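One structure is given below, encoded as C-alpha cells.
The values are calculated or read from the model by the stated rules, or taken from the named source; none is laboratory data. Only a predicted model underlies this, so the values are computations on that prediction, with no experimental measurement involved. Cβ coordinates were reconstructed from backbone atoms using ideal geometry, including for glycine residues, and neighbour counts include every protein chain displayed.
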Amino acid sequence: MEYELVIGLEVHVELSTKTKMYCGCSTEFGGEPNSHVCPICLALPGALPRINKKVIEYTIKSGIALNCSINKKSRMDRKNYFYPDCPKNYQITQHRFPLCRDGYIEVENSEGEKKKIGIERIHMEEDAAKLIHTKAGTLINYNRAGVPLIEVVSKPDIRTTGEATCYLQKLKNILRSIGVSNCKMEQGSLRCDGNISIRPKGSKKFGVKVEIKNVNSFKALEKAFEYEYLRQVKAVESGEKIIQETRRWNECKNKTEVMRAKEQARDYRYFPEGDLTAINISNEWIEDIRKTIPELPYDKVERFIKEYNVSKHDAEVLILNMGAADFFEETAKLSRNPKAAFNWIMGDISRLMNEKSVSLSKLKFKPEDLVSLIKFIDSGMISNNIGTEIIEEMFVSGGKPEEIIEKRNFLQNSSEDEILQIIKKVMKDNPKPLEDYKNGKKRAIKFMIGLVMKKTKGKANPKIVNDLVNREFNKN
Amino acid sequence: MKLTAHEIRSMLKNKEISVEEIVRSYLNRIDKFDTILGAYLYVEKEGALKRAKNLDKKIKHGEKMGRLFGIPISIKDNISVKGMQNSCASKMLQGYISPYDASVIKRIEAEDGIIIGKANMDEFAMGSSNEKSAFKLARNPWDLSRVPGGSSGGSAVSVSASESVMSLGTDTGGSVRQPACLCGVVGLKPTYGRVSRYGAVAFASTLDQIGLMSSDIEDCACLTQCIAGPDKNDFTTVDMKVPDYSRSLTKDIKGMKIGIPKEYFEDGLDDRIRKSIEEAVDVLKQNGAEVKECSIPLVKYSMAVYYVIASAEVSSNLARFDGIRYGYRSKSFKDYRDLYFKSRSEALGMEVKRRIMLGTYMLSKGYYDEYYEKALKVRNLIKNQFEEVMKKFDALIAPTSPTTAFKIGEKKKNALSMYLSDVYVLPANVSGMPAISVPCGMVDGLPVGFQIMTNYYREDTIFNIAYSFEQSTNWHKMSPQISEV
C-alpha cells in the first residue's frame, strides 16, 4: 500500500528585541553566565512581570507578514510545569487567545506547483534558562530565561519533507527580512519540532501523530522526517499500532528515539496570567506596524522574474541577502542589463566580499558606479577581464570606473586599421601558426589570436581581433 | 504614649523631640514587649537608628521633611525591603534576604519614613489568626490569650501596642482589615490596582493588595497618599492620578448616601457587635448621612469564589519556591524531582499545602471550567451587583469580623470555622473595591470595628466618612494596657 506523509511544524523563533520579554535585562546571545538577570527573570519572591511592547509589535509584524489575522483582544496565560530551566515553574505564554491566527506560507512542491501551508496560530512566550549538565551536577544559566519567543504553529498541511524544508526556509527568510529575528538555527534562535503521521494515500482521516523534537538543522529535519516516515510505514505494515508519543532525533545514531509516551503527557494547568492585564490592540497600531514591513522576499522574487527577466534561481539567491537584492535592483534598473548586474554582484563582488570579509553596507562604491562599469563593457570600450581588474580596484580604493580606466589606460582599441597593422606585424614575427593552419591544424588560429591580444595587453576589441585574424588566415 | 504620625510630625517640627529619640522609644517598646507579643520576625535596630541620625541632620540643615519624616513603620514580612529578610513566616524562606525594594518601600523611603522591622504573619499570608506563622505566635495586645487575627497579625499588633506608628500588610482576603479590627486599629485595603504590588510576595495575583494600618484616619490617608499611584513595575496598577486625600478630610458628610447591605447582618454576627455597628451608623446619621438598607444577594457566594480563585492562583504563584535558586533545600535528594518534592514537603506548612493541592486540582484538565472558569464568571456577577448598588450609594457599611478576637488554639483544628471569620472582608477582594476597618466599640474588653466600602478609587470618600465618624467618637484613642513581662 502507498502511504502519505502528514506533517505539521511548530517553530520557535527568538525575537531580536534589545530587552527581555518581562524585564529590562539584555537579550544578547552569550555573555558571562547569569550576568543578564534581575529579580524578575530569576523569579525572586515578590517580582512581577511587565510586558515588553516591542514583543507585541514584533509578533504582530510577523503575523502580518505571514498573512495572519490579528486578534485585537488577547491575553497572556500561565503554563504550569516544574523544571529547573523554568525559574517561576510556570511559563507566561498564550494559550486561549494567541495574538495571530489563520495565516499561510506558499510553498512549491517537487512538480513546481504552488501550495498554501496553513498557519494555525502565532503566539508569544518567554524562553527558558539553559541547563548545562556536568559530571559535578547540573548548572543553570539564566541569561536566556525570559528572552522573547514566538511560536509559529502550522496546520497539518505538509505532505513531503521537501515541502517541510521549503516551508521552514521561507518562514526563516520572511522573518529575517522583516527584522524580527536573526533566525540562526545554530544559535538556537530558530528551533523546529514536527508532528508526523502517515495514512493510506487517498484517505481523509489523519493517523496517530508522533512529535519529533531536537531537529536543529535543515539537514536534520530532512533526515529525521524521512526516518520517521519509514519507521511508521514499517510499523504499520507489520501490523503494529503507532502510539502517540514524543520522540527525539538523535543526530549521532541517525534515528528517532522515544522521549515520553502519551501517558506521561503533562497537564499544564493553563489559566490566565493575573499579573498582566488583557492586551487590546487598536487598528491604528496594526496599520502603523504594517507600514514598517518592507516588500517581502518572495514577492520580490516574483517581481524580479517579471521585471528583470532573471531566473527563479537567481532571484532566490539575491533575496537570501536583502541588501544584495536592493543593490541588484538599482544596478539593473539604471544599467538596463539585469543579467550583467546579477553576474557582477553574485560573482566578483560576492567573491571579494567573502575574501575580505566586507559586508554590502560597507562597500566603497555605489550601484551607480557598477552601472557605469557595465556600460563601458556593453559599449565594447573595455573587455570583461578588464572589468574584473577595475572592480577589484573599486573594491579596494573606491575610485570611479572612468577614473580607473583613464589612469590605467584601459580603454579598448576598436580601430580596425590599427588592429590590422598589429596583426600583420605579429604574423610577420611569428609565421608558424599560419603554416600550421594551412596544414590543417585549425587550432593554430586561436593561438594567433592569443598572441595578438597579448601584444595589445588585452585592450584590443576581442571580436574585431577574431574577425580580422580569421580573414587574414583564410585569404588565400 | 500612643502617638500618631501627625502628632510626631508636629513634635519634630517644634523641636520637642529628635528622630533618634522617637526611634529609640519604639525600639525600647519592642525590647520590652515583643517577646510576649510576637509582632516582629526581624527588627532593624542599627539601620533604623542610622537613618534616624541622618534625618536629624536634615532637620538641622533645614532641609525639606518628607510626608513620613522620622515615622517608624513596620512592614509585613512578605514585602521586600532591600537588605532585610523576607521570610513570609515560612521555613521555606528562612534566611532569605531580599536584594531589592518593593515599590511601596521605595516610596516610603522617598518620604523619609523609617522601616524598623518585618512583622509576623501567617505563613505566606494564609490564615486569619497568625497561628500559621512557622516561627512564632503573635498575641492580641488587648488579651494575651487571644489571637490578633491575620494574616497581617504582626502588623496589627505592632500598631496597636505602639511598637510602630504605622504598618504595611497585605490583604488578599481581609488580611489587613480583620486583624486591624481585632486589635482596635484602622486598616485599609485600597482599590485593586491603586497601590503597586511589586515586591509583595504574590499569594493570589488578582486578589492581592498591599494595605496599611494606623491609629487614626489622618495617618491612614497620609500613608495611602505616599504609596498609591501607578507603577511601571506592576502592570495591574491603574494609570490614574491620586487625589490629595488631606483635602478630603472635611468631616462634612451631609446628604451622603450610605447603604446597609442586609446580607452582612444575618445569622452568625455577634449581637453585641451588631449593636456597636448600629451605634456607629447612628453617629453617621447624626452627622448628616442618609442611611438606607440595600441588598447584594450574590455576596453570599464571595467565599466560595474566593477560595477557588485564591487556591488556584496560589498553587501557581508558590511554584517558584522550589529549593533551586534560594530558600530551603532538602539535605538529600536523588534527582531534581526529588529535590522539589522533599524541599517543598519539608518546608511548607499544612495550610499552605492544603491550598496548593486544592488549587492544583481545580486547575487540572477537566476541572478548570468547573471551578476556576466558573468562579471567574460568578466573580463578574458579584462585581456587577456591587457596581449596581454603588450607583445608588456613596458608601456601604458592614461589619469587619463576625466575632471579637478568639482564643489562641480555638479554631486551629477547624479550617472551615477559621475561614468563616473572613466572611465579611472577602467581598471587597472579590470585587476589587476599597474597604476600610475602623474601630467603633468594645465588647468584653475587646475591640470591635466596622467596614466602610465605596466604589473603585473612591478612597477619598472612605477617608471622609471614617474621619467624620472618628472625630465624633473616641474609639481611636483607646490603647491596650500590656502587662510587662
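Would you mind stating whether A:GLY46 is within 14 Å of chain B (Cβ to nearest Cβ) and over 31 Å from the mean Cα position of the chain (by Cα)?
Considered against the rule, which asks whether it is within 14 Å of chain B (Cβ to nearest Cβ) and over 31 Å from the mean Cα position of the chain (by Cα), A:GLY46 comes out as yes.
Is it the case that A:VAL107 is closer than 30 Å to A:SER282 by Cβ and touching a residue at least 40 places away in the same chain (Cβ under 8 Å)? Don't jump to the end; show me each part of the working.
On the way: closer than 30 Å to A:SER282 by Cβ: no; touching a residue at least 40 places away in the same chain (Cβ under 8 Å): yes.
No: the conditions fail for A:VAL107.
Mind checking whether some residue in the range A:444-456 is exposed (fewer than 12 other Cβ atoms within 10 Å of the Cβ), polar (S, T, N, Q) and farther than 30 Å from A:PRO367 by Cα?
Scanning the range A:444-456, I find no residue that is exposed (fewer than 12 other Cβ atoms within 10 Å of the Cβ), polar (S, T, N, Q) and farther than 30 Å from A:PRO367 by Cα, so the answer is no.
Answer yes or no: is there a residue in the range A:106-123 that is within 14 Å of chain B (Cβ to nearest Cβ), assigned to a loop (DSSP other than H, G, I, E, B) and charged (D, E, K, R).
Narrowing the range A:106-123 to residues within 14 Å of chain B (Cβ to nearest Cβ): none.
Looking for residues that are within 14 Å of chain B (Cβ to nearest Cβ), assigned to a loop (DSSP other than H, G, I, E, B) and charged (D, E, K, R), one finds none in the range A:106-123, hence no.
Results for (1) more than 14 Å from chain A (Cβ to nearest Cβ); (2) of a type in the set (A, V, I, L, M, F, W, C), shown as yes or no for each residue.
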site	(1), (2)
B:ILE36	yes, yes
B:GLY47	yes, no
B:LYS53	yes, no
B:ILE73	yes, yes
B:SER80	no, no
B:GLN85	no, no
B:CYS88	no, yes
B:LYS106	no, no
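Report every pair of residues separated by at least 6 positions or lying on different chains whose Cβ atoms are under 9 Å apart, first residue within the range A:83-97 and closer than 17 Å to A:PRO272 by Cβ, second in a strand (DSSP E or B) and hydroxyl-bearing (Ser, Thr, Tyr).
From the range A:83-97, the pairs are A:GLN94/A:SER74; A:PHE97/A:SER74.
For the range A:453-476, name all the residues that are among the β-branched types (Val, Ile, Thr) and either within 12 Å of A:ASN413 (Cα to Cα) or under 44 Å from the mean Cα position of the chain (by Cα) (or both).
A:THR456, A:ILE464, A:VAL465
Filter the range A:251-264 for residues that are touching a strand residue (DSSP E or B) at 6+ places or on another chain (Cβ under 9 Å) and in contact (Cβ under 8 Å) with a residue 12 or more places away in the chain and give the result.
Across the range A:251-264, the qualifying residues are A:GLU251, A:LYS255, A:THR256, A:VAL258, A:MET259, A:ARG260, A:ALA261, A:LYS262.
Let's see how each residue does on (1) over 30 Å from B:ALA312 (Cα atoms); (2) not in a loop (DSSP other than H, G, I, E, B):
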position	(1), (2)
A:ILE212	yes, yes
A:TYR227	yes, yes
A:ALA235	yes, yes
A:ILE242	yes, no
A:THR277	no, no
A:ARG290	yes, yes
A:LYS300	yes, yes
A:ILE305	yes, yes
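Under 17 Å from B:PRO399 (Cα atoms), hydrophobic (A, V, I, L, M, F, W, C) and assigned to a loop (DSSP other than H, G, I, E, B) - does that describe any residue in the range B:273-291?
No, every residue in the range B:273-291 fails to be under 17 Å from B:PRO399 (Cα atoms), hydrophobic (A, V, I, L, M, F, W, C) and assigned to a loop (DSSP other than H, G, I, E, B).
If we keep just the residues of the range A:124-155 that are assigned to a loop (DSSP other than H, G, I, E, B) and in contact (Cβ under 8 Å) with a residue 60 or more places away in the chain, which is nearest to A:HIS313 (Cα to Cα)?
A:LYS155
In this structure, does B:GLU279 turn out to be at pLDDT 95 or above, touching a Lys or Arg at 6+ places or on another chain (Cβ under 8 Å) and either closer than 22 Å to B:THR403 by Cβ or not β-branched (Val, Ile, Thr) (or both)?
Considered against the rule, which asks whether it is at pLDDT 95 or above, touching a Lys or Arg at 6+ places or on another chain (Cβ under 8 Å) and either closer than 22 Å to B:THR403 by Cβ or not β-branched (Val, Ile, Thr) (or both), B:GLU279 comes out as no.
Among (1) in a helix (DSSP H, G or I); (2) more than 14 Å from chain A (Cβ to nearest Cβ), where does B:ARG337 come up short?
Here B:ARG337 meets the rest and fails (2).
So how many residues does the range A:292-337 have that are of a type in the set (Gly, Ala, Ser) and surrounded by fewer than 18 Cβ atoms within 10 Å (Cβ to Cβ)?
2
Among the helices (runs of 4 or more DSSP H) lying completely within the range B:351-451, list those that include at least 2 residues that are exposed (fewer than 15 other Cβ atoms within 10 Å of the Cβ).
The qualifying helices (runs of 4 or more DSSP H) are B:374-392, B:415-420.
Within the range A:166-188, can you find the residues that are crowded, with 20+ Cβ neighbours inside 10 Å and either among the aromatic types (Phe, Trp, Tyr) or more than 14 Å from A:ASN321 (Cα to Cα) (or both)?
If the condition is that a residue be crowded, with 20+ Cβ neighbours inside 10 Å and either among the aromatic types (Phe, Trp, Tyr) or more than 14 Å from A:ASN321 (Cα to Cα) (or both), then A:CYS166, A:TYR167, A:LEU168, A:LEU171, A:VAL180, A:SER181 are the ones that fit.
Specify the residue that is surrounded by the most Cβ atoms within 10 Å (Cβ to Cβ); the eligible residues are those in the range A:104-129 that are more than 28 Å from A:ARG50 (Cα to Cα) and small (Gly, Ala, Ser).
Among residues in the range A:104-129 that are more than 28 Å from A:ARG50 (Cα to Cα) and small (Gly, Ala, Ser), the one surrounded by the most Cβ atoms within 10 Å (Cβ to Cβ) is A:GLY118.
Just to be sure before I move on: is B:LEU12 closer than 20 Å to B:ASP77 by Cα and at pLDDT 95 or above in the structure I sent?
no
Taking the options A:SER217, A:SER238, name whichever one is out of contact with any strand residue (DSSP E or B) (no Cβ under 7 Å at 6 or more places or on another chain), more than 30 Å from B:ALA375 (Cα to Cα) and either free of Cβ contacts under 8 Å to residues at least 12 places away in the same chain or within 14 Å of another protein chain (Cβ to nearest Cβ) (or both).
A:SER238
Hey, among the residues in the range B:214-241 that are in a strand (DSSP E or B) and touching a Leu at 6+ places or on another chain (Cβ under 8 Å), which one's farthest from the other protein chains (Cβ to nearest Cβ)?
Across the range B:214-241, the extreme among qualifying residues is B:SER214.
Out of A:LEU320, A:LEU373, which single residue is under 18 Å from the mean Cα position of the chain (by Cα) and not β-branched (Val, Ile, Thr)?
Result of the check over A:LEU320, A:LEU373: A:LEU320.
For residues that are free of Cβ contacts under 8 Å to residues at least 40 places away in the same chain and part of a loop (DSSP other than H, G, I, E, B), scanning just the range A:10-27, find the one that is farthest from the other protein chains (Cβ to nearest Cβ).
That would be A:LYS18.
Just one of the numbered conditions (1) among the hydrophobic types (A, V, I, L, M, F, W, C); (2) closer than 30 Å to A:PRO338 by Cβ; (3) surrounded by fewer than 16 Cβ atoms within 10 Å (Cβ to Cβ) is not true of A:ALA278; which one?
Every listed condition holds for A:ALA278 apart from (2).
If a residue must be crowded, with 16+ Cβ neighbours inside 10 Å, farther than 29 Å from B:ALA134 by Cα and out of contact with any helix residue (DSSP H, G or I) (no Cβ under 9 Å at 6 or more places or on another chain), how many such residues does the range B:10-41 contain?
0
Would you call A:VAL37 within 14 Å of another protein chain (Cβ to nearest Cβ) and under 23 Å from A:ASN182 (Cβ atoms)?
yes
Given (1) part of a helix (DSSP H, G or I); (2) closer than 24 Å to B:LEU188 by Cβ; (3) free of Cβ contacts under 8 Å to residues at least 40 places away in the same chain, where does B:LYS254 come up short, assuming only one miss?
Of (1) part of a helix (DSSP H, G or I); (2) closer than 24 Å to B:LEU188 by Cβ; (3) free of Cβ contacts under 8 Å to residues at least 40 places away in the same chain, only one is false for B:LYS254: (1).
If I go through the range B:340-375 residue by residue, how many of them are small (Gly, Ala, Ser), within 13 Å of chain A (Cβ to nearest Cβ) and at negative phi? Don't jump to the end; show me each part of the working.
Our first condition is that a residue be small (Gly, Ala, Ser); within the range B:340-375, this holds for B:343, B:345, B:347, B:349, B:359, B:364, B:366, B:375.
Checking which are within 13 Å of chain A (Cβ to nearest Cβ) leaves us with B:343, B:359, B:364, B:366, B:375.
Pick out the ones that are also at negative phi and you get B:343, B:359, B:364, B:375.
Total meeting the criteria: 4.
Step by step: first the residues of the range B:108-125, then only those that are within 28 Å of B:ASP322 (Cα to Cα) and out of contact with any Phe, Trp or Tyr (no Cβ under 7 Å at 6 or more places or on another chain), then the one that is farthest from the other protein chains (Cβ to nearest Cβ). Which residue is that? Spell out the reasoning first.
Within the range B:108-125, the first condition is being within 28 Å of B:ASP322 (Cα to Cα), and the residues that meet it are B:117-125.
Then drop every residue that is not out of contact with any Phe, Trp or Tyr (no Cβ under 7 Å at 6 or more places or on another chain), which leaves B:121-123.
Details: B:MET121: 14, B:ASP122: 16, B:GLU123: 13 Å.
The residue in question is B:ASP122.
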